[in-house]
Amino acid sequence: MNVLWHWTLQKPGPNSPNIMQDQFAVTTQPGSHGVQVYVSPEEVTVRTMRADDCDFAGRLLIDGFKEKFVHAIGAGNLELARRASAADHRMYGNKYDRIFIAEFEGRRAGVMELKFYGNSEGSSSDHWDALGCCTGCRLMWMASFMTENVDRGYVYLDHIAVDETFRGKGVGKALMVVADQQGRARQCHTIFLWVASDNRARNLYERQGYKTTLTRSGCCISCAIGRRSFDKMEKTL
């Protein structure tokens, strides 16, 4: 028997901010193999990652941030990157408790990774050797601008991506509710993320209570990632 968490989404009142609130009821169910599960009324289920999710998570990490990867390694190398990313995820057994898979009506729909104080990146350069030296160096340069150290009391929303088939169905919102819950469970007081200043996802983050606290821009960022300006957004838990 394993403990499962079920959560619901409260609709805001006329005078309340449009932020989803999480409520939890703890139940026990057999056969979950230690996987934590969160269920919303919108048919979105969020659970911790399993070994059989690696191909999906690896692909969506690349496709969800396709513009960045095309800029760094070229469109012709995307399939190699998907395979390398999937191979990396197969080595992430010790990270599965902070990587979350969202399902919509039983189909994998989104992925999210959180990072806490003391967590390592965990990627293996061996999986990316097929890209070659020059392309690999461009990838490493991009990654150097996307790596974040996390202080005590903070949780970093490293990445969140939703398959384009399931966008607009509440998948991203459901993942973000779970991110808040995980941060509180680990006694974190603040959750934060980085997003391109012109990314429409900012609207979702703002509705969830995030506020811009810092903006970074410059030619080095533009050359490495393909976007000139990025905003750090934070939310108090």
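Annotations
- Pairs meeting the criteria (first residue in the stretch 93-105 and in contact (Cβ under 8 Å) with a residue 60 or more places away in the chain and more than 11 Å from Asn119 (Cβ to Cβ), second residue among the aliphatic types (A, V, I, L, M) and not in a strand (DSSP E or B), beta carbons under 7 Å, at least 6 apart or on different chains) are Phe100/Met49; Phe100/Leu175; Phe100/Val178; Ala102/Val171; Ala102/Ala174; Ala102/Leu175; Phe104/Val171.
- In the stretch 102-115, the residue that is surrounded by the most Cβ atoms within 10 Å (Cβ to Cβ) out of those that are of a type outside the set (D, E, K, R) and modelled with pLDDT of 95 or more is Ala109.
- Filtered by the rule that a residue be touching a His at 6+ places or on another chain (Cβ under 8 Å), more than 12 Å from Met49 (Cβ to Cβ) and of a type in the set (D, E, K, R), the stretch 84-125 gives a lone residue, Asp88.
- When residues of the stretch 88-101 are limited to those that are hydrophobic (A, V, I, L, M, F, W, C) and modelled with pLDDT of 90 or more, the one surrounded by the most Cβ atoms within 10 Å (Cβ to Cβ): Phe100
- Some residue of the stretch 61-82 being hydrophobic (A, V, I, L, M, F, W, C), closer than 21 Å to Val177 by Cα and at pLDDT 60 or above: yes
- In the stretch 71-81, the residue that is farthest from Arg227 (Cα to Cα) out of those that are out of contact with any Asp or Glu (no Cβ under 9 Å at 6 or more places or on another chain) and free of Cβ contacts under 8 Å to residues at least 24 places away in the same chain is Glu79.
- Single match in Thr147, Thr135 (criterion: modelled with pLDDT under 95, of a type in the set (Val, Ile, Thr) and under 21 Å from Glu79 (Cβ atoms)): Thr135
- Identity of the residue in the stretch 165-195, over 15 Å from the mean Cα position of the chain (by Cα) and without any contact (Cβ under 8 Å) to a residue 40 or more places away in the chain, that ends up farthest from Ile101 (Cα to Cα): Gln187
- Within the stretch 143-178, the set of residues being over 22 Å from Glu105 (Cβ atoms) and buried (at least 19 other Cβ atoms within 10 Å of the Cβ) comprises Tyr154, Val155, Tyr156, Leu157, Asp158.
The values are calculated or read from the model by the stated rules, or taken from the named source; none is laboratory data. Remember, it's a predicted structure, so these values are computed and weren't measured experimentally. Cβ: placed from backbone, ideal geometry, glycine included. Neighbour counts: every protein chain shown.
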